[in-house]
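So the structure is just underneath, and the comments pick up after that.
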Amino acid sequence: MNHWKHIITIIILTIAFNLQAQDIHFSQFYNMPVHLNPALTGHIEGTYRVNLIYRNQWSSINSGGVYSTPGASFDMNFKFNEESRNSLGAGITFLNDQTGDKDFTNQYILASVAYHMNLDKKEKMYVSLGVQGGYINKRLNTNNLQFADQFDANGDPTMTTTETFNNTKASGGDIRAGVVLSAYPSEKMNYKIGFAYTHLIKLKEEFITDSISNKLPGKASLFAQGEFKTKNPKFRILPEILFMNQAKVSEINITTNLGYKLTPDLGLIFGAGYRFSDAAIANLGLEYRGAKLMASYDVNVSKLSPASRNQGGFEISLGYVGKIKKKVTPELPCIRFN
């Protein structure tokens, strides 16, 4: 088991030091809306929203998981203009991505604001503009790492490494921006389409002495999601798609969930997704009034390494939308599972 752990660590460090870094991603990307696109800040049917998420990947290789990522966000919707039905959103997001036994940590603290503009009198279409800014902190713990020059002829790590590090920390500011178009053409359907660009400020990432100058590359993302009622009033179809491109690497996530109304207040969520050339995903959850609890499990199908093949990633999220008062003005429509 330790053998595979060291192999995975070497792969991770190779990616981190010799290639441009890739961002945090979630299978339930739609359950962290403020992280998905800053223009979704405050785009809620209510006054405030809380989202919690935790991802743990490849725990069978390492007891703590090769990757573990907790995250949290809080955002609110504020009345802006009673006549135009426009509104303002504000929120904050925390993310903490950890690799191995906390050998490498990647922390984000981000604040966001968004403006939601009604495009017609019937409130059937909105355009939202959002910006997000904050602080990134990346840390490398070299105490538990082992390198090729430490192993003797018998394969035991008894020798001292000659690897040297310029520093073990990279930190700085980060700015993101996004736009979302939301449409509600009828009671039976609604959808959102959005674009976001991440890392308008290029954080410099250098750890080892002989590394070239690395800067955190920008990331472009495009998402679409919808809600479609069926002839059976208890069922709804909830498709989601996300395309991301960063440092010449692309990722496509497609998910289709079904919402089934068990009672007027309680809904069941189930479905499946696929991250192309990477993972197949199963989803299951419950929604009760303004709260939603959802779990997903994705099986790795990539060819990254023999150790990663067929390994799983577990993800759980909890969200809640609340109202400080009975009627929110203006009240933005939003996609719900029941």
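The values are calculated or read from the model by the stated rules, or taken from the named source; none is laboratory data. Keep in mind that what you see is a predicted model, and the values were worked out from it rather than measured. Virtual Cβ from ideal backbone geometry, glycine too; neighbours counted across all protein chains shown.
For this structure, a couple of remarks:
- Against the conditions (1) more than 25 Å from residue 254 (Cβ to Cβ); (2) at pLDDT 95 or above; (3) touching a Ser or Thr at 6+ places or on another chain (Cβ under 7 Å), residue 296 satisfies every one except (1).
- Checking each residue in the range 273-294 for being surrounded by fewer than 16 Cβ atoms within 10 Å (Cβ to Cβ) and closer than 21 Å to residue 56 by Cβ picks out 280, 282, 284.
- Residue in the range 250-263 that is basic (Lys, Arg) and within 17 Å of residue 26 (Cβ to Cβ) present: no
- Among the residues listed as 261, 229, the single one being without any contact (Cβ under 8 Å) to a residue 60 or more places away in the chain and in contact with a Lys or Arg (Cβ under 6 Å, 6 or more places away or on another chain): 229
- Residue within the range 182-190 that is aliphatic (A, V, I, L, M), surrounded by 15 or more Cβ atoms within 10 Å (Cβ to Cβ), at pLDDT 80 or above and in contact with a helix residue (DSSP H, G or I) (Cβ under 6 Å, 6 or more places away or on another chain) present: no
- For the range 214-240, a residue qualifies if it is hydrophobic (A, V, I, L, M, F, W, C) and surrounded by fewer than 18 Cβ atoms within 10 Å (Cβ to Cβ), and the qualifying residues are 220, 222, 224, 228, 235, 237.
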